[in-house]
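Let me begin by presenting the structure, written as structure tokens, before commenting on it.
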Ligand SMILES: [Cu+2]
């Protein structure tokens, strides 16, 4: 009888606080996992490319492997990661990350781990904690904003199966666009076709390297299936990550539907969708939304 009362109290509490069935667990990175003895090798190539942020919005990007963001690096907490970075660009490049152990000489900020054009450098990361962190250039002030950034996902060995969502929030330098919709291209003197002008911040604030919901690939979820969100912020401004119609518990155990991340910050959380729909997800700064940070979370029945 005692157990029944306790069970009722817990389930009633969840219904009152969440308004939808099922708890969403905070995802904690506090635990240090033992070394797995496994080494994951990652090859990155720094390349300068023309990156399509959206229709007719072409950015002169500095990239890892030709994309903004660079490829998501995945490993299990406890793995050793060796990153070999070859610089095929015209400027110094490095790779730095957070929350893992590495030698000071391999932190991407000093000469031994900065690749000059044509060079290859190798850095070793010893991982212990689960979660998501950004990886990014540390060789110049411009690198991150031009596109040299990505997400490092460290799976917990004992994590529950989930639909994984990786979100990289960043800001682009409007002066580094080769062309913008509705704006005269100074090189060609032409206004490009294919897109519409969306205000002074247009295409500046991006989710996974793209702007506005017509260009950012859908995030996909399903009713009743755990959805694990891994969000990193790596621009020059703070951002928030808000999901319409869903809520989860943060690391402090507080209920939330919107988290704030300053540059270089990161968060992993879990939510189990209970209602199908084409839900909006976005940064809650109005000028960032207007600048591109809006997308959709499609939850199927
Ligand atoms: Cu924002």
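Throughout, read-outs are computed from the coordinates displayed, never taken from laboratory work. In this text, all values refer to a predicted model and were calculated from it rather than measured experimentally. Glycine gets a Cβ as well: all are built from the backbone with ideal geometry, and neighbour counts include every protein chain shown.
Quote the relative contact order of the chain in percent (integer), defining contacts as alpha-carbon pairs under 8 Å separated by 6+ residues.
Working: 812 pairs, mean separation 57.3, N = 301.
With pairs under 8 Å counted, the relative contact order is 19 percent.
Once the Cβ-Cβ distance of residue 119 and residue 36 is raised to the sixth power relative to R0 = 25 Å, the FRET efficiency obtained is 0.25.
Based on Cα contacts under 8 Å between residues 6+ apart, region 39-157 shows a relative contact order of 31 percent. What shape does the chain take by its C-alpha gyration tensor, where a ≥ b ≥ c are the square roots of the eigenvalues and a/c under 1.5 counts as rounded, a/b above b/c as prolate, and the rest as oblate? Here the chain falls in the oblate category.
Length gained on full extension, residue 50 to residue 275, computed as 0.36 nm times the residue gap minus the Cα-Cα distance: 77.1 nm. Going by a ≥ b ≥ c, the root eigenvalues of the Cα gyration tensor, does region 140-182 fall in the rounded group (a/c under 1.5), the prolate group (a/b larger than b/c) or the oblate group? Cα axes put region 140-182 in the oblate bin. Which of rounded, prolate or oblate describes region 39-157 when judged by the alpha-carbon gyration tensor and an a/c cut-off of 1.5? Oblate is the answer for region 39-157, as a/c is 1.5 or above yet b/c matches or exceeds a/b. Comparing 150, 189, 291 in a Gaussian network model of the chain, where Cα atoms under 10 Å apart are tied by springs, the biggest mean-square fluctuation is seen for 189. Spin-label model, residue 163/residue 257: points 7 Å from Cα along the beta carbon direction are separated by 1.8 nm.
Looking at the chain alone, DSSP beta bridges between its own residues are antiparallel in about 70 percent of cases. On the beta carbon distance between residue 222 and residue 287, with R0 = 45 Å, the FRET formula returns roughly 0.85. With the simple spin-label model, which puts each label point 7 Å out from Cα in the Cβ direction, the residue 244 to residue 90 separation comes to 4.3 nm.
Suppose only helical runs count, i.e. DSSP H with n ≥ 4. What mean residue ellipticity at 222 nm does that imply for the chain under -39500 (n - 2.57) per run, divided by all residues and rounded to the nearest 500 deg cm²/dmol? Could you put the intermediate results ahead of the total?
Values: 3 runs with 27 residues, N = 301.
Taken over the chain, the calculation gives -2500 deg cm²/dmol.
At full extension, residue 184 and residue 214 could sit 8.5 nm farther apart than now, given 0.36 nm per residue minus the alpha carbon distance.
Residues 190, 293, 163, 204, ranked from the fewest to the most other C-beta atoms within 10 Å, line up as 190, 163, 204, 293. For region 233-281, a Kirkwood hydrodynamic radius built from all Cα pairs, placed in the Stokes-Einstein relation at 37 °C and 0.692 mPa s, yields a translational diffusion coefficient of 276 µm²/s.
Computed extension gain for residue 43 through residue 126, at 0.36 nm per residue and net of the alpha carbon distance, reaches 28.2 nm.
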